[in-house]
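K.L.:
Following this message is one structure expressed as structure tokens.
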Protein chains: 2
Amino acid sequence: MKALAKEIPASTLDTDPVSRLRHGHGHTMMEIHAIHEGQLQRVPDLVVHPTEESHVVALVTAADTHDVVLIPYGGGTCVTEALLCPTNEGRMIVSVDMRQMNRIEWIDPVNRLACIQAGAVGRHIMDSLAEHGFTIGHEPDSVEFSTLGGWVATNASGMKKNRYGNIEDIVMDVRAVTARGTLERFGVSPRESTGADPRRWLFGSEGNLGIITSAVVKLFPLPEAQRYGSVLFPSFDHGVRFMYDLAQAGQWPASVRLVDNLQFQFSMALKPAASGFHVWKSKLEKLFVTKVKGFQPDEMVACTLVYEGTEDEVSGQEKTVARLGRLHDGMPAGSENGRRGYQLTFSIAYIRDFVYKLRVMGESFETSVAWSDLTTLCANVKRRVIEEHVRRGLPGVPFITCRVTQIYDTGACVYFYLGLGSEGVENPIQAFMEIETAARDEILKSGGSLSHHHGVGKLRQRFLPQIMSETAMTWNREAKDAIDPNNVFGCGNLPPSPDAAEGAKVGEAA
Amino acid sequence: MKALAKEIPASTLDTDPVSRLRHGHGHTMMEIHAIHEGQLQRVPDLVVHPTEESHVVALVTAADTHDVVLIPYGGGTCVTEALLCPTNEGRMIVSVDMRQMNRIEWIDPVNRLACIQAGAVGRHIMDSLAEHGFTIGHEPDSVEFSTLGGWVATNASGMKKNRYGNIEDIVMDVRAVTARGTLERFGVSPRESTGADPRRWLFGSEGNLGIITSAVVKLFPLPEAQRYGSVLFPSFDHGVRFMYDLAQAGQWPASVRLVDNLQFQFSMALKPAASGFHVWKSKLEKLFVTKVKGFQPDEMVACTLVYEGTEDEVSGQEKTVARLGRLHDGMPAGSENGRRGYQLTFSIAYIRDFVYKLRVMGESFETSVAWSDLTTLCANVKRRVIEEHVRRGLPGVPFITCRVTQIYDTGACVYFYLGLGSEGVENPIQAFMEIETAARDEILKSGGSLSHHHGVGKLRQRFLPQIMSETAMTWNREAKDAIDPNNVFGCGNLPPSPDAAEGAKVGEAA
């Protein structure tokens, strides 16, 4: 701290205990539970709020000299325990909160690029760019809080990725302060072949390699047309076949998501109560769907759609959806349901914190999977969760539901919600974590990936040897050791070094 | 060789001098000239033709043990001196010709994936997949000879990338044998977030990190519709404005390319002579364009288009092109000209070898550049080439022409052809290389990238410090040293180590 005092303003140094606590965790169920129970084992010793890149350079230099660990912090919305301090770390740990570095440095409207500081928060980026008629189109569920730098470090995916791409498609250049100096390039190219590009290593680096300070992103004009839609299908299988055909057909809506029956019922339960005429309309609609169309209330599922683009593009997308919907016995269910379905995503995290107080523990987790394995994977994970629940003699029935949230040529992203009642359970968080781990094991066995966009952090570290050859692990470790020899970025995520991997046990021990 | 004899069949080992010569170069003008003049300074000591991945593993192990250098070899179409043997290399050099590993290992028609061995040649891949109704859509100019492994190692771009993507978009998984073992992943995910992905380091690795043995690629159905088109514009500026608007409009044709006036005239000169009625038709057409429309023969340019997709998509693309063409004073010039323009690309390399015998040295080089810098960059490079030519008192006039070959949201790829007469010039190749180097210098000064898709190799190594921070260079070097400590893959491309960079002087010295 003495070394820093010479280089950066005292106002950026923050030793407030509450602030340290706030910077010592992300948002997994385990972390929230640990905070409630006063069980968080370690928090950062200091929080720094740099306002300039020069502060970050001074910080990294001082940390390298004085053997201190730096953990970059963005919106704090991480759900992989990546922000947890390794409990076996003997050195001082500093959380580097980047949110004061939140400026749009420049906008280039001709080439449709903007340079934005890494600490800028999603919804602020959206608002600021909208004033200029642009969007970057990146809308992860966490967009209210998460930051540009966090998106890169997590290799994030937004709900409208069909139109705008995932973070690796949107970011054209990225700049980072590392233990070996500032990683940067001179000039931003539309695309190039200039050797293995070290900037690409930052995507999904989870704080392991350096602190991202800014990025150049693509801009898109605000869409001429934006419309919502929804389609009901008699079963999840019908819906998945529709999604597959849509993936093959092209003309993808910006967002297309399929919820299973339980999630469909859950979203219906969250609808504001109808009154007056709307009660009749609502009842008539239900009657039509269940009696006339013959949809089973405990089988039917819903697909919600967001269309964006030129008027031409949007109507082309709508036509494709209508045609394929009919092909799979779908029934249009209006734009209002589509809008509600899309926006529900943002409230789920709030619901989780609400129900926690009612002794329900909830968590989401995701994967990506080839089309041919999707339906089986969903069924296997649900079955496994129920089996594990029964095996432990836990009370009640687990809430386990899924939705397909992103489509690709070769497969899709699947998102699960898991809820367990903790009333009367002796060590509820232990049971919850064991069941979530079993679900991940089932995902891998069923052909799913370790993560579509949440990342690895410390939560999923133990599974890395199942998906990567020893050579792949070694490459990552050796490269980390070579470019951060003092392990300044010793957050302990991924498989940085055998030492740090030990520290990762914090998640399991909690 | 004794160690190898135990592990792999004798038939895979090749010491034939002609074969060694063939494997000791790529296709830059300098290399072709060196061969003609008997000036190639070093060739591989041995060529190996593995037929199985186990042969490659045995090779890499033996090389690591016996301190031998391996240089992977695909189609040999490299134009960055990446295949040249470093002259300061004291160790045995083995060229690993991958073309016997050319099988399609499996096709998954549901998830639209295929696993293909790295030595498979582009045109064979196209033919084999077409039998199953699929394409990977990757058509670089070298597609007749270049291989899948070479595409990954060069970070290649195909002419139809607008529809199918560049190689990094097409390849979903890649497998390589390295000094640390086999780099592989278990399972192919549509997209994931599992840390910095070492497989991505192989893209553009130029033989530096290991030998790529196979890749899983996306498949696309053969297009329902394929049509060609062409549009004439009164000037290059008009054409560039059209390209920019098209890039912003979406609905991109699979290929859209704009040739400048000189290249347009050149392509006209290469047309088969018209006869009979066609003479009249041809003359009338010219009259209409130049007299009625008022296009200047020494100003006008042409844009050629390839449309692919469903009938709907293709007609949407055609409408967009027609609308934007009119907006920029363009005149439709028919599909036959479009087809001819697209196919001309494949013959250019043959023309180069033909004119070399007539004492004309020719070469192509490329860059990518932001839209706002494109026109200036093209003009600057042409001016600089002419200035350098005059300054050296070289005879005649240099042939320097460009075309815009790939469009992106934020910019485009520009391709130059340079031709110089060598009759009566004392050291023509020296002059040629100096002028090409000056052109690259001018490209970088004008905001262009070091390479869009040819790569760095040894030819452009000297420019790396101009585009990368010292940290970026260090990361690459340190990672290379950590994962290939004995420098088995000592081809000397990119900036692998200060030692190898010395060896890179071979290009300059020739």
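The values are calculated or read from the model by the stated rules, or taken from the named source; none is laboratory data. From a predicted model like this one, the values you see are computed outputs, not experimental measurements. Positions of Cβ are generated from backbone atoms using ideal geometry, with glycine treated the same way; all protein chains shown enter the neighbour counts. In case anyone asks, the SASA skips ligands and DNA or RNA and just uses the protein heavy atoms, side chains included. Shrake-Rupley method; radii C 1.70, N 1.55, O 1.52, S 1.80 Å.
K.L.:
If A:Val47 meets every condition in (1) in a helix (DSSP H, G or I); (2) under 17 Å from A:Val488 (Cα atoms) apart from one, which number is that one?
P.N.:
(1)
K.L.:
Sticking with this one: For the range A:446-495, which positions are within 21 Å of A:Ser157 (Cβ to Cβ), in a loop (DSSP other than H, G, I, E, B) and at the interface with another protein chain (Cβ under 7 Å from one of its Cβ atoms)?
P.N.:
Listed by number, the residues that qualify are A:Gly447, A:Ser449, A:Leu450, A:Ser451, A:His452, A:His453, A:His454, A:Gly455, A:Val456, A:Leu494.
K.L.:
Oh, and also: Would you mind stating whether B:Glu436 is at pLDDT 95 or above, of a type in the set (D, E, K, R), open to solvent by 20 Å² or more (accessible area, probe 1.4 Å) and within 29 Å of B:Pro395 (Cβ to Cβ)?
P.N.:
Details: at pLDDT 95 or above: yes; of a type in the set (D, E, K, R): yes; open to solvent by 20 Å² or more (accessible area, probe 1.4 Å): yes; within 29 Å of B:Pro395 (Cβ to Cβ): yes.
Answer is yes for this residue.
K.L.:
Tell me, please, whether a residue that is out of contact with any helix residue (DSSP H, G or I) (no Cβ under 9 Å at 6 or more places or on another chain) and outside any helix (DSSP H, G or I) can be found in the range A:428-444. Write out each step before concluding.
P.N.:
The first filter runs over the range A:428-444 and keeps only residues out of contact with any helix residue (DSSP H, G or I) (no Cβ under 9 Å at 6 or more places or on another chain), leaving A:430.
Within this subset, residues satisfying the condition of being outside any helix (DSSP H, G or I) are none.
Within the range A:428-444, not a single residue is out of contact with any helix residue (DSSP H, G or I) (no Cβ under 9 Å at 6 or more places or on another chain) and outside any helix (DSSP H, G or I).
K.L.:
Regarding the range A:404-413, can at least one residue be identified that is out of contact with any strand residue (DSSP E or B) (no Cβ under 7 Å at 6 or more places or on another chain), over 19 Å from A:His33 (Cβ atoms) and within 14 Å of chain B (Cβ to nearest Cβ)?
P.N.:
Here is the first cut: in the range A:404-413, the residues out of contact with any strand residue (DSSP E or B) (no Cβ under 7 Å at 6 or more places or on another chain) are A:408.
From what is left, the residues that are over 19 Å from A:His33 (Cβ atoms) are A:408.
Still in the running and within 14 Å of chain B (Cβ to nearest Cβ): A:408.
Looking for residues that are out of contact with any strand residue (DSSP E or B) (no Cβ under 7 Å at 6 or more places or on another chain), over 19 Å from A:His33 (Cβ atoms) and within 14 Å of chain B (Cβ to nearest Cβ), one finds at least one in the range A:404-413, hence yes.
K.L.:
I've got another one for you. Does A:Thr345 satisfy being touching an Asp or Glu at 6+ places or on another chain (Cβ under 6 Å), more than 14 Å from chain B (Cβ to nearest Cβ) and modelled with pLDDT under 95?
P.N.:
Values: touching an Asp or Glu at 6+ places or on another chain (Cβ under 6 Å): yes; more than 14 Å from chain B (Cβ to nearest Cβ): yes; modelled with pLDDT under 95: yes.
Spelling it out, A:Thr345 is indeed touching an Asp or Glu at 6+ places or on another chain (Cβ under 6 Å), more than 14 Å from chain B (Cβ to nearest Cβ) and modelled with pLDDT under 95.
K.L.:
Checking the structure you have, find out if any residue of the range A:345-361 is outside any loop (DSSP other than H, G, I, E, B), within 30 Å of B:Ser193 (Cα to Cα) and charged (D, E, K, R). If you could, list the steps in order and put the result at the bottom.
P.N.:
The initial filter retains those residues of the range A:345-361 that are outside any loop (DSSP other than H, G, I, E, B), namely A:345-356, A:360-361.
Filter again for within 30 Å of B:Ser193 (Cα to Cα), leaving A:345-356, A:360-361.
Then keep just the ones that are charged (D, E, K, R); that gives A:352-353.
There is at least one residue in the range A:345-361 that is outside any loop (DSSP other than H, G, I, E, B), within 30 Å of B:Ser193 (Cα to Cα) and charged (D, E, K, R).
K.L.:
Could you please let me know if B:Arg191 is in contact with a Ser or Thr (Cβ under 9 Å, 6 or more places away or on another chain), surrounded by fewer than 24 Cβ atoms within 10 Å (Cβ to Cβ), at pLDDT 95 or above and assigned to a loop (DSSP other than H, G, I, E, B)?
P.N.:
On the way: in contact with a Ser or Thr (Cβ under 9 Å, 6 or more places away or on another chain): yes; surrounded by fewer than 24 Cβ atoms within 10 Å (Cβ to Cβ): yes; at pLDDT 95 or above: yes; assigned to a loop (DSSP other than H, G, I, E, B): yes.
Against the criterion (in contact with a Ser or Thr (Cβ under 9 Å, 6 or more places away or on another chain), surrounded by fewer than 24 Cβ atoms within 10 Å (Cβ to Cβ), at pLDDT 95 or above and assigned to a loop (DSSP other than H, G, I, E, B)), B:Arg191 qualifies.
K.L.:
Ok, one more. Considering only residues of the range A:414-427 that are in contact with a helix residue (DSSP H, G or I) (Cβ under 9 Å, 6 or more places away or on another chain) and touching a residue at least 60 places away in the same chain (Cβ under 8 Å), which is nearest to the other protein chains (Cβ to nearest Cβ)?
P.N.:
A:Tyr417
K.L.:
Considering A:Lys286, A:Lys291, which residue is part of a helix (DSSP H, G or I) and either closer than 22 Å to A:Pro272 by Cβ or open to solvent by less than 30 Å² (accessible area, probe 1.4 Å) (or both)? Don't jump to the end; show me each part of the working.
P.N.:
Numbers: A:Lys291 fails: either closer than 22 Å to A:Pro272 by Cβ or open to solvent by less than 30 Å² (accessible area, probe 1.4 Å) (or both).
After applying the criteria, what remains is A:Lys286.
Okay, residues lined up against (1) more than 21 Å from the chain's Cα centre (by Cα); (2) among the aliphatic types (A, V, I, L, M); (3) within 14 Å of chain A (Cβ to nearest Cβ):
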position: B:Gly309; (1), (2), (3): yes, no, yes
position: B:Glu318; (1), (2), (3): yes, no, yes
position: B:Met331; (1), (2), (3): yes, yes, no
position: B:Arg339; (1), (2), (3): no, no, no
position: B:Ile386; (1), (2), (3): yes, yes, no
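K.L.:
Which number in (1) out of contact with any Asp or Glu (no Cβ under 9 Å at 6 or more places or on another chain); (2) crowded, with 22+ Cβ neighbours inside 10 Å; (3) modelled with pLDDT under 95 marks the one condition that A:Asp197 misses?
P.N.:
Of the numbered conditions (1) out of contact with any Asp or Glu (no Cβ under 9 Å at 6 or more places or on another chain); (2) crowded, with 22+ Cβ neighbours inside 10 Å; (3) modelled with pLDDT under 95, the odd one out for A:Asp197 is (2).
K.L.:
Yes or no: the range A:195-218 includes at least one residue that is assigned to a helix (DSSP H, G or I), at the interface with another protein chain (Cβ under 9 Å from one of its Cβ atoms) and out of contact with any strand residue (DSSP E or B) (no Cβ under 7 Å at 6 or more places or on another chain). Before you say what the answer is, go through the steps one by one.
P.N.:
Restricting attention to the range A:195-218, the residues satisfying the condition of being assigned to a helix (DSSP H, G or I) are A:198-201.
Then drop every residue that is not at the interface with another protein chain (Cβ under 9 Å from one of its Cβ atoms), which leaves A:198-201.
This time we only want the ones that are out of contact with any strand residue (DSSP E or B) (no Cβ under 7 Å at 6 or more places or on another chain), so: A:200-201.
Yes.
K.L.:
Another question, then. For B:Met243, all conditions in the list (1) open to solvent by 30 Å² or more (accessible area, probe 1.4 Å); (2) within 14 Å of chain A (Cβ to nearest Cβ); (3) assigned to a helix (DSSP H, G or I) hold save one; what is the number of the exception?
P.N.:
Among (1) open to solvent by 30 Å² or more (accessible area, probe 1.4 Å); (2) within 14 Å of chain A (Cβ to nearest Cβ); (3) assigned to a helix (DSSP H, G or I), B:Met243 violates only (1).
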